[in-house]
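Okay, structure first, notes after.
What follows is calculated from the coordinates using simple rules that are stated; it is not laboratory data. Since the model is a prediction, treat every value here as computed from it, not as a measurement. Methodologically, a virtual Cβ is constructed for each residue, glycine included, from the backbone with ideal geometry; neighbour enumeration extends over all protein chains shown.
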Amino acid sequence: MNFESHVLVDMTVKQVQDALAKGDQPAIAVLEGEPSRTLSNSAYLRDPARAEAFERQVAAEANRIDLERLILAVPQISRPVVIDGDDEVRLRSPYTGGPVLEDDGEMHVILWVLWDEEEGHESGMVPFRRKRDGTPVFDAFDGSDYIFSIPLNPGGGPGLVLLRELLDENLQRRRARP
């Protein structure tokens, strides 16, 4: 990940952390280019149709600017699973399925999906925890020690509609539509 993308991940994760600390759970998208834009949606986690519409809106905005990179960051609950001998991460909204099931290895994370014009696509997550009263706790977030990459599940999840709108089958940026 290049320096500019790393700064964007840090900045956007911090925005989501600040929102979580205030009791909100938005999806936040930041588009860097000329001009830059920040979009957020507080209904993203509650309604899959609104989540898809938001990602399409972000893609449409990306096509209107001279885009250099973009990020979508969303609070999620992750659970590690092994499928055919491969480690994978399954994600779910904090609004579905009840509280974190620690016995199943679930944890709160901020999932991020990044696209950079020079380096392409990358995705990852930043874990956090909650106190018994639900207050989020962000351990000393100082960058790379708490950011780790994960492969996206092609079956669905945050960021996939956005990437499908922006990228072709070879994961290259589609030409902006007029």
Practice problem: List every residue whose amide H lies under 5 Å from the amide H of Gly33, counting only residues 5 or more places away in sequence or on a different chain, with H placed 1.01 Å from N in the peptide plane. | Solution: Glu68
Self-check item: Per-residue ³J(HN,Hα) for the stretch 115-126, Karplus 6.51 cos²θ - 1.76 cosθ + 1.60, θ = phi - 60°, Hz, x for Gly and Pro
Solution: 10, 10, 4, 8, 10, x, 9, 8, 9, x, 8, 10
Quiz item: Check Phe128: other-chain or 5+ apart residues with amide H under 5 Å from its amide H, H built from backbone geometry?
Solution: His108, Val109, Ile110
Practice problem: Search the structure for amide H atoms under 5 Å from the amide H of His121, placed 1.01 Å from N in the peptide plane, and list their residues when 5 or more places away or on another chain. | Solution: Asp116
Quiz item: Hey, what do the phi angles of the stretch 160-170 turn into as Karplus ³J(HN,Hα) couplings, whole Hz, using 6.51/-1.76/1.60 and θ = phi - 60°, x for Gly and Pro?
Solution: 6, 4, 4, 5, 5, 6, 8, 10, 8, 5, 9
Quiz prompt | Evaluated over the stretch 1-89, the Cα radius of gyration and Dmax, each in Å | solution = 14.8, 45
Practice problem: For the stretch 3-176, just the Cα set please: Rg and Dmax, both in angstrom. | Solution: 15.6, 48
Quiz item: How large is ³J(HN,Hα), in whole Hz, for each residue of the stretch 27-36 in order, when computed from phi with the Karplus curve 6.51 cos²θ - 1.76 cosθ + 1.60 and θ = phi - 60°, using x for Gly and Pro?
Solution: 8, 10, 10, 10, 10, 9, x, 10, x, 7
Quiz item: Label points 7 Å out from Cα along the Cβ direction at Lys22 and Phe3: separation in nm?
Solution: 3.1 nm
